[in-house]
Amino acid sequence: MNIPMVDLQGQYRKLKTEIDTEIQKVLDNSSYINGPIVGEFAADLEKYLDIKHVIPCGNGTDALQVAMMALGLKPGDEVITTTFTFIATAEVIALLGLTPVLVDVLEDTMNIDPEAIRKAITPKTKAIVPVHLFGQCANMDEIMVIAEKHKLFVIEDNAQAIGANYTFKDGSVKKAGTIGHIGCTSFFPSKNLGAYGDGGAIFTNDDKIAEQMRAVVNHGMKVRYYHDYVGINSRLDSIQAAILKVKLPHLDNFAKARNIAANYYNTAFANCEKITTPVTAEFTDHVFHQYTLVLNKVDRAGLQKHLSEKGISNAVYYPVPLHQQKAYRDERYKDGDFPIAEKLAANVMSLPIHTELTIEQLKFITDAVLEFIL
Ligand SMILES: *Cc1c(COP(=O)(O)O)cnc(C)c1O
């Protein structure tokens, strides 16, 4: 067997006819940039997410950068985010000359700890960037209360949880990425809604912020060749939009398939003390962008080698928290400052999760894991 982390070929084969047709249409009318399909996909996504504005852009990292630029954040402003995430989140904060303020995560969900956010707020704090890590939402009830109290912007990094539903304390439900002032996502091929190249989008219900973001992604112009702001060039191309438009109606079924695989894993590992399976908070569902175990007194490198030798892909997301990354070394932080993130970084391991896993593959994977651990 050879089991990849994500099976893009298998998924493509199922959707091939529809996808090929839509790509061919773009080729036939040659509207590669800003073709009508880009607007159509954005409108479909607005409807799916129940949000007023979806602004497509070049990738998820740009989405975060555009959000921060549109909010007018300035050097010296502090932006609070989690130390246990993909680097893009902190990268754009640093690139814009803002000050990233890192905080620890909760041990069970691995998402940003609202209490740690409270403690990190200073008069310079301007925004909070929660990351909905691995496919489930951070505690947005608490984060929005903190943001309102201190008049902070909330930018959701929703690159990993598109399609997840969040249930508020009052029972109302919203889609991940539509709760804060701005939501950002990525259509990187391996994401839950993946294109066949780079892509991203930014969401908001705020007309003014939307207008600003539309200008920022387009060289800072609202009227052609009149540049009111310093912007960037960040576009979703028509071929990617065509692929995404075909895939979007399948997104909920993709999440179901991922949940079936996750449930199989959960059941197989339920009685193994050395494995903690993913814990989903009560206020969110989980779309399992990653299926991430926490190992307890297991030789992780040995297990990884054992799996790889059997053709089972595996990965560590993420081996080094942001405060320990070389490029982000900062005298404000030292080893041991964020003990939960550091412990997770040392003990997590992700198994293949995607829409095409078969029961035979899942059995092969879980047998191989247990063979090494027991
Ligand atoms: C993938 C990802 C991004 C960046 O998306 P790109 O499209 O690769 O730029 C940002 N944040 C998180 C949490 C991600 O997983």
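A few comments on the model shown:
- Residues (modelled with pLDDT of 95 or more, under 18 Å from L303 (Cα atoms) and not in a helix (DSSP H, G or I)) located in the range 315-374: A315, V316, Y317, Y318, P319, V348, M349, S350, L351, P352, I353
- All of E273, E360 fail the test of being out of contact with any Cys (no Cβ under 6 Å at 6 or more places or on another chain), within 30 Å of L248 (Cα to Cα), among the acidic types (D, E) and loosely packed, with under 13 Cβ neighbours inside 10 Å, apart from E360.
- Scanning the range 72-104 for residues that are at pLDDT 95 or above, under 28 Å from V279 (Cβ atoms) and in contact with an Asp or Glu (Cβ under 6 Å, 6 or more places away or on another chain) returns V101, D104.
- Among the residues listed as N347, N314, the single one being assigned by TED's automatic domain parsing to the domain that holds A255, surrounded by fewer than 21 Cβ atoms within 10 Å (Cβ to Cβ) and of a type outside the set (D, E): N347
- A single entry from A116, A88, A94 fulfils the requirement of being buried (at least 18 other Cβ atoms within 10 Å of the Cβ), within 20 Å of the chain's Cα centre (by Cα) and not assigned by TED's automatic domain parsing to the domain that holds A346: A88.
- Members of the range 24-49 found to be at pLDDT 95 or above, surrounded by 12 or more Cβ atoms within 10 Å (Cβ to Cβ) and under 26 Å from the mean Cα position of the chain (by Cα), listed by number: I37, V38, G39, E40, F41, A42, A43, D44, L45, E46, Y48, L49
- Helices (runs of 4 or more DSSP H) within the range 70-166 that include 2 or more residues of a type in the set (G, A, S) and within 15 Å of the ligand (Cβ to nearest atom): 88-95
- Figure legend. Inter-residue proximity from the range 69-80: first residues not assigned by TED's automatic domain parsing to the domain that holds G231, second residues of a type in the set (F, W, Y), beta-carbon distance below 6 Å, spacing 6+ or different chains. No pairs are indicated.
- Applying a threshold of 9 Å to beta carbon distances and a minimum spacing of six or more residues, or different chains, the list of pairs starting in the range 340-366 at a residue that is of a type in the set (K, R) and ending at one that is assigned to a helix (DSSP H, G or I) reads K363/Y264; K363/A268.
- Any hit, the range 267-276, residues being within 22 Å of Y318 (Cα to Cα) and among the acidic types (D, E): no
The values are calculated or read from the model by the stated rules, or taken from the named source; none is laboratory data. As the structure is a prediction and not an experimental result, all values here were calculated from the model. With ideal geometry, Cβ positions are generated from the backbone for all residues, glycine too; neighbour counts draw on all protein chains shown.
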